[in-house]
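*Asks:* Here it is: the structure, laid out below.
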Amino acid sequence: MPRIVPNLWFDTQGKEAAEFYCSVFPRSRITRVTHYGEAGPRAAGTVLTVDFELDGQRFTAIDGGPEFTFDEAVSLLVECDDQAEVDHYWEALTADGGQEGPCGWLKDKYGLSWQVVPRGMDDLIDGPDRARADRAMRAVLTMGKLDLAALMAAADGRD
C-alpha cells in the first residue's frame, strides 16, 4: 500500500515550521532538507523542501512561494488522551501568533488549522445514545479549547 505524505506549502518558512512542529510533538524529527539549484525558480541554495516526521507520520514542507496559503478546508487532527494533552497542544500550537478558534479548532502561527480533541470524540458526538450525543455536541459548540470534564458532564446530563 502506498504511503500518503501530506505536503504543506509555505512561502519561506518551511524549515522553521518543521522545527517548530518537531519541538511540539514527541518522537519527531527532520529527516531531510533539500535546496533549490541553479535552475530555480528561487535563489540557488535556499530551502526547497523539508521532510519531517511527527510521531512517525511523514510530512513534507515546501517553500514554494506566496501563491498559496492555508485555510480551514484542511486541518490536522490531534487526538489527546487527557486534559493535560489538550492543554499542552492547544497552548503550544496557539503560541506566538496562533489563533484560537471554536469547537477545539485553532490556527498555528503559520496559518495551518488544527483540531485538538479527546480520543473518541467521534463516538461521543455520534454515539447510539442520541440524547447524550446531542448534549455533548451542544457543549462542544460553546467551547474554544475543549474542556473534557465539562464536555463529559454535559454529555452525562450533569452540567
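*Asks:* In debye to the nearest 20, how big a dipole does the chain give about its Cα centre with +1 on each Lys and Arg Cβ and -1 on each Asp and Glu Cβ?
*Replies:* Working: 16 positive and 28 negative charges, 53 e Å.
Using Cβ point charges on Lys, Arg, Asp and Glu, the chain gives about 260 debye.
*Asks:* On to the next question. I'd like the Karplus ³J(HN,Hα) series for region 55-69: coefficients 6.51, -1.76, 1.60, θ = phi - 60°, whole numbers in Hz, and an x wherever there's a Gly or Pro.
*Replies:* Computed from phi, the couplings for region 55-69 are 6, x, 8, 7, 9, 10, 9, 10, 8, x, x, x, 5, 10, 10 Hz.
*Asks:* Please list 3J(HN,Hα) in residue order for region 89-105, calculated via the Karplus relation 6.51 cos²θ - 1.76 cosθ + 1.60 where θ = phi - 60°; whole Hz, with x for glycine and proline.
*Replies:* 5, 4, 5, 5, 6, 9, 5, 6, x, x, 10, 6, x, x, 6, x, 9
*Asks:* Evaluated at 4 °C with a viscosity of 1.567 mPa s, what Stokes-Einstein diffusion coefficient in µm²/s does region 26-94 have when Rh comes from the Kirkwood expression over alpha-carbon pairs?
*Replies:* Working: Rh = 14.6 Å.
The diffusion coefficient I find is 88 µm²/s.
*Asks:* So how much slack lies between GLU38 and MET1, counting 0.36 nm per residue of separation and subtracting their Cα-Cα distance, in nm? Walk me through the intermediate numbers first.
*Replies:* Details: separation 37, 0.36 × 37 = 13.32 nm, distance 3.55 nm.
This chain segment gains 9.8 nm when fully extended.
*Asks:* When the chain is fully extended, how far beyond the present Cα-Cα distance does ASP126 get from ASP156, taking 0.36 nm per residue of separation? Could the numbers behind the result be given before it?
*Replies:* Working: separation 30, 0.36 × 30 = 10.80 nm, distance 1.41 nm.
Computed gain between ASP126 and ASP156 is 9.4 nm.
*Asks:* Which FRET efficiency value, to the nearest 0.05, do you get for ARG119 and SER23 by plugging their Cβ-Cβ distance into 1/(1 + (r/R0)^6) with R0 = 22 Å?
*Replies:* On the way: r = 23 Å, r/R0 = 1.03.
FRET efficiency, ARG119 to SER23: 0.45.
*Asks:* Helix-only mean residue ellipticity at 222 nm, the chain, DSSP H runs n ≥ 4 weighted -39,500 (n - 2.57), per residue, nearest 500. What is it?
*Replies:* -8500 deg cm²/dmol
*Asks:* Follow-up question, since we're still on this one. Compute the distance in nm between two label points, each set 7 Å from the Cα along the Cα-to-Cβ direction, one at PHE68 and one at LEU141.
*Replies:* About 3.4 nm separates the two model spin labels.
*Asks:* Can you bin region 78-159 into rounded, prolate or oblate? Criterion: square roots of the alpha carbon gyration tensor eigenvalues sorted a ≥ b ≥ c, rounded for a/c under 1.5, prolate for a/b above b/c, oblate for the rest. If you can, show how the numbers build up before the last one.
*Replies:* On the way: a/c = 2.30, a/b = 2.18, b/c = 1.05.
Prolate is the answer for region 78-159, as a/c is 1.5 or above and a/b outweighs b/c.
*Asks:* Hey, got the Cα dimensions of the chain along the principal axes, in Å, largest first?
*Replies:* For the chain, the Cα spread along each principal axis is 64, 34, 24 Å.
Every number in this text was worked out from the coordinates using simple rules, so none of it is lab data. Just so it is clear, the model here is predicted, and its values are computed rather than measured. Please note: Cβ atoms are built from the backbone with ideal geometry, for glycine as well, and neighbour counts cover all protein chains shown.
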